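Notes follow once the structure below has been shown.
No value in this document is a laboratory result; all are computed from the given coordinates. Remember, it's a predicted structure, so these values are computed and weren't measured experimentally. Here the Cβ positions follow ideal geometry from the backbone for every residue, glycine too, while neighbour counts run over all protein chains shown.
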Amino acid sequence: MNLHDTERMSSVLQEQGYRPSEEVSDADLVIFNSCSIRDKSEQKAYSSMGFLKKDGKKKNPNLKIGFAGCVAQQDRDQVFQGAPHLDFVIGTDSIDQLPEVLYRVENGEKKVLQVGFDPSNDYTLETKILPGRSLAYVNIMKGCDNFCTYCIVPFTRGREKSRRLEEIVQDVKRLVLGGVAEISLLGQNVNSYGKSLGGKKAGQTFPALLRALQKMADEMEANGTTDSTGRTKKPIGLQRIRYTTSHPKDFDEEMIECHASLSRLAPHLHLPVQSGSPKVLKRMKRYVPIELYCERLDELRRRVPGISITTDLIVGFPGETEEDFQKTLDLVTRIQYDNVYAYTYSPRPGTAALQYGDPIPEEVKKERHARLMDMQTSFQLKKNKTLVGKVEMVLCEGPSKNDPEVATGRTPGWKVVNFSVPDGVKSPQELEGKILPIKITDANSYALKGQVDLV
Ligand code: SAM
Ligand code: SF4
């Protein structure tokens, strides 16, 4: 979501005539987009912002500096006290007001603060992506009403509001006409999509949205599409629909049915469980019977063989005993996830879990985290090795971060694949946005290696 907010800001700025600069030192405008999900990310935001403090404006008197995102929302005007070199602070619900904020800054207003939440019940939007993108993040809702006791999101992103299903379908259609092949639907708990719009009675539910998107994409593929000049063309079409994040309490039979019946829904489920201990889950206000959670995933695997399943886990939540932690290890062994994003607990301001303190020493948290990840990476390696020799359809995202000569992309099951550029293609950039058959030749715990399958 944070990544998409950055993309949205870039897009709003490009509409205003701004262009990206290669080096921060060449820029006339720098915006730091911050994340406050853990203390570490918050500290990172503050320390990276500090580096322009001393001489940024001396070198370039036109330089304007802004601070955005969840830390900005959380700390608001206090941010200016620690960072007087900032020109503006803009909150999570104000990205569309960026042009006005910049106008005020350009006209000499100092320390502009724009951090309110939109008070209306409606949430409408046109997804903005950068030119040439074949993968688009689409916000279907914003905010969160769950208040898991460790989590700052309900405070930094406000109350839950959904966009109307019909608006989202039209938005995605426009994106697909523009060349988008994959969409990722974003919400903190996508399963509660539509509640603010009347839910089931009003036909505004997440499964209904998935079915409507599949139908729209099927029709576009069957009929071709007429553009504004009256020409009918066949765009590459919507190949994959992804979503994040789903909540275990709401992942039900209907969702399993969607995965089994909708061909465009990617075979990947990210279902964050956070812990394997019922006691810890209750204290997190995230209780779901672990046996039911496992049964639903078993059923999903029966109906969609080979589907990737990933999760988030928090280690060292207050009160987590060695026995509780062992329950998390047991769950990880039982489910055999394709990937696990594990974090050590970090107390966050304003959250309910603050009442429990932070009693687990950092070394214990780190040791448990390392044990968990050792176990998980060995499972991941085994799973990834089973893909060697298989052909996966990979949406190329351009050059790999580690090696600009190598192309990278993801399988339908969300696994990273690095592959060599075939003869006749000059660079990985040329393949960006294309869906290619890649034969998997090797695998480690985190990524697959392959080559374009020309046969
Ligand atoms: N809405 C999603 C959900 O409910 O799963 C994800 C929200 S959060 C942006 C992403 C992940 O950060 C969470 O699933 C959790 O594992 C982790 N997280 C959130 N708050 C945390 C905290 N205080 N300390 C450590 N990890 C945290
Ligand atoms: Fe945070 Fe829980 Fe909402 Fe996810 S569902 S954003 S973890 S409060």
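The table that follows gives values for the structure above.
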quantity: Above-threshold pairs, the threshold being 28 Å between Cα atoms, out of LYS58/LYS110; LYS142/LYS327; LYS195/LYS285; LYS128/LYS366; LYS200/LYS279; calculated: LYS142/LYS327; LYS128/LYS366; LYS200/LYS279
quantity: Length released on extending from ASP374 to GLU254, taking residue separation times 0.36 nm less the Cα-Cα span; calculated: 39.7 nm
quantity: Net charge of Cβ neighbours under 11 Å - reference PHE325; Lys, Arg +1; Asp, Glu -1; calculated: -2
quantity: Kirkwood hydrodynamic radius of the chain, from inverse mean 1/r over distinct Cα pairs, in Å; calculated: 23.9
quantity: Whichever lysines have a C-alpha closer than 19 Å to that of LYS201, once near sequence neighbours (fewer than 8 apart) are set aside; calculated: LYS161
quantity: Approximate spin-label separation GLU291-LYS40, in nm, with each point projected 7 Å along Cα-to-Cβ; calculated: 3.6
quantity: DSSP-assigned coil residues among GluC sites (Glu not before Pro) in region 356-455, each with at most 11 further Cβ atoms within 10 Å; calculated: GLU405
quantity: DSSP beta bridges in region 397-455 [antiparallel fraction, %, rounded to 5]; calculated: 70
quantity: Whole-number percent relative contact order across the chain, with pairs defined as alpha carbons under 8 Å at least 6 apart; calculated: 10
quantity: Beta bridge orientation in the chain: antiparallel %, DSSP, nearest 5; calculated: 35
quantity: Separation between Cα centres of region 142-178 and region 268-337, rounded to whole Å; calculated: 24
quantity: Contour excess over end-to-end distance, with Cα ends at ASP312 and LEU354 and 0.36 nm allotted per residue; calculated: 13.1 nm
quantity: Neighbour cut-off at most 16 other Cβ (10 Å), DSSP loop, GluC sites (Glu not before Pro), region 75-153; calculated: GLU109, GLU126
quantity: The chain - Cys residues lacking any other Cys C-beta under 4.7 Å; calculated: CYS35, CYS70, CYS144, CYS258, CYS294, CYS396
